[in-house]
């Protein structure tokens with residue numbers, strides 16, 4: 001029987017909320033994901049929850065253990081290194097295409113996103129959630145000119161997986177002091193100037209340095 005629109009909507013709702021909780025670190029890596037508890041948390045039935053769990057298992061956020069149910073995916077330094085390497089490749093491909101397709105609307109998005117991120121980074125008592133929100137919007141604005149839907153899909157998955165590690169290690173702007181803001185500023189300037197190679201080079205350094213800090217904190 002075809003899935004009804006209501007069922008699809010409930011599955012999407014459960015999937016989005018569960019994915020966000022997994023990324024934010026609400027569930028410990030390897031912890032049991034019990035359908036009864038998830039039903040109460042998200043206010044939907046068992047079927048949408050189960051469909052959401054299977055869907056998220058395909059993206060590496062959940063593991064399926066046959067008859068033993070579902071667990072939040074484990075995390076490791078090896079996986080972090082692999083995710084970081086792939087993010088460098090995919091994000092820089094998208095960034096390159098985005099800069100090459102630059103127009104006034106793209107430039108406005110980047111400038112606005114960087115402005116809000118700068119305010120969040122220069123706050124005396126930064127809120128991790130606020131900073132993470134604007135950090136995400138800035139990186140998304142940079143690649144928003146990319147005309148490859150597949151690149152953007154892969155990027156979104158890798159970014160969320162990388163963000164999961166940042167939340168696990170409780171990394172914030174103070175983890176690397178003013179370095180993060182300086183890197184963001186340099187990436188922004190190079191992108192707006194149309195210097196593709198420089199923007200990609202600094203962006204790669206930015207991702208790798210963050211991965212180094214994460215590895216140390218996780219260990």
* To do: With no solvent and one equal point scatterer placed on each C-alpha of the stretch 5-72, evaluate the Debye formula and give log10 I(q)/I(0) for q = 0.11, 0.26, 0.28 Å⁻¹, two decimals.
  => -0.21, -1.24, -1.43
* Asked: Hey, what number do you get for the chain at 222 nm if only DSSP H runs of n ≥ 4 count, each worth -39500 (n - 2.57), divided across all residues, to the nearest 500?
  -> -23500 deg cm²/dmol
* Please pull out the direction-averaged projected area of the stretch 16-116, using the convex hull of its alpha-carbon atoms, in nm² to one decimal place. => 9.1 nm²
* Asked: What whole-number value in cubic angstrom gives the convex hull volume per residue for the C-alpha atoms of the chain?
  -> 140 Å³
* To the nearest 10 degrees, how steeply does helix 5-24 sit against the main Cα axis of the chain, on a 0 to 90 scale? -> 60 degrees
* What spacing in nm lies between the two simple spin-label points modelled at residue 112 and residue 68, each 7 Å away from Cα in the Cβ direction? -> 4.9 nm
* Calculate how steeply helix 77-100 sits against the longest principal axis of the alpha-carbon atoms of the chain, using the helix alpha-carbon long axis, and give the answer as 0 to 90 degrees to the nearest 10. => 50 degrees
* Structure fact -> To the nearest 10 degrees, the tilt of helix 196-218 (Cα long axis) against the first principal axis of the alpha carbons of the chain is 50 degrees
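Every number here is computed from the coordinates shown, using simple stated rules; none is lab data. This is a predicted model, so every value here is computed, not measured. Cβ atoms come from the backbone with ideal geometry, glycine included; neighbour counts cover every protein chain shown.
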